[in-house]
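Q: Below you will find the structure I want to go over with you.
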Amino acid sequence: MKFFVDTADTGEIRRLAAMGLLDGVTTNPSLVAKTGRDFLDTVREICDVVAGPVSAEVAATDFETMLAEGRVLAALAPNVAVKVPLTPDGIRTCSALAAEGVTVNVTLCFSAAQALLAAKAGAAFVSPFVGRLDDIGMEGMALIRDIVDIYGQYPDIRTQVLAASIRSAQHAVQAAQAGADVATLPPAVIDQMFRHPLTDSGLERFVADWQSTGQRILRD
Ligand code: E4P
């Protein structure tokens, strides 16, 4: 499973990229708003840091404007994935951009039926939102399992399942178990994935025991 980071914070993206953990980045208008920065500059900067797909979302909701915005975003860097919402106009935009060779991520997917539409429209990625389904009392991860299962029955479907709205390390593990191609993870979730009390106590013991030997590995 590929790891994308779900943020527009370039400091966080640089920190995680330096660990070799990132296969791509997803942003959305809410994440961009949090930075207070210019959107196009931010996308350009992210694309310089991470070689994999960087999702940048259109702002309009009508076909003509989404198409024009998608072309602007796609021209920013070769690794931009244009994000469009799963609406009739968004799916039409996806078809048009995909026909032009643009990588498209169809976002705000909440059902298997919607995921079928995204695949049919030539989306490179479909983004089912796990956490937001959990928020309304549904099992978000069941949707990931359903889409992976359906897409798997049709070898001609190239659309990758990008598990989005991931809220915990457990979600990341479950997305991998479900066979998601990608999970987009907030930085805090990636940090959470490191944590285990036995790692901390084990390291503490190794450090103490090593110090008791009085030895050094690095010797002038
Ligand atoms: C990513 O592509 C999505 O926009 C994001 O994962 C949504 O996450 P949220 O539901 O936590 O806002």
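Q: Name the one entry in GLU12, GLU45, GLU57, GLU69 that is out of contact with any Gly (no Cβ under 9 Å at 6 or more places or on another chain), modelled with pLDDT of 95 or more, closer than 27 Å to VAL148 by Cα and surrounded by 15 or more Cβ atoms within 10 Å (Cβ to Cβ).
A: Exactly one residue qualifies, and that residue is GLU57.
Q: Determine the pairs where a residue that is over 20 Å from SER111 (Cβ atoms), located within the stretch 158-183, has a partner that is assigned to a strand (DSSP E or B) with Cβ atoms under 9 Å apart, the partner being 6 or more residues away or on another chain.
A: Listed by first residue and then by second, the contacts come to ALA169/LEU185; ALA172/PHE3; ALA172/ALA163; ALA172/ALA183; ALA172/LEU185; ALA176/ALA163; ALA176/ALA183.
Q: Moving on. Is it the case, given these coordinates, that LEU21 is surrounded by fewer than 18 Cβ atoms within 10 Å (Cβ to Cβ) and under 15 Å from the mean Cα position of the chain (by Cα)?
A: The answer is yes for LEU21.
Q: Here is a follow-up. Tell me yes or no: at least one residue of the stretch 1-9 is among the basic types (Lys, Arg), buried (at least 22 other Cβ atoms within 10 Å of the Cβ) and within 16 Å of the ligand (Cβ to nearest atom).
A: Scanning the stretch 1-9 turns up no residue that is among the basic types (Lys, Arg), buried (at least 22 other Cβ atoms within 10 Å of the Cβ) and within 16 Å of the ligand (Cβ to nearest atom).
Q: Every residue in the stretch 72-94 that is surrounded by fewer than 19 Cβ atoms within 10 Å (Cβ to Cβ) and among the small types (Gly, Ala, Ser), please.
A: ALA75, ALA77
The values are calculated or read from the model by the stated rules, or taken from the named source; none is laboratory data. It should be emphasised that the depicted structure is a prediction, and the values quoted were computed from it without experimental measurement. All Cβ positions, even for glycine, are placed from backbone atoms using ideal geometry, and neighbour counts span all protein chains on display.
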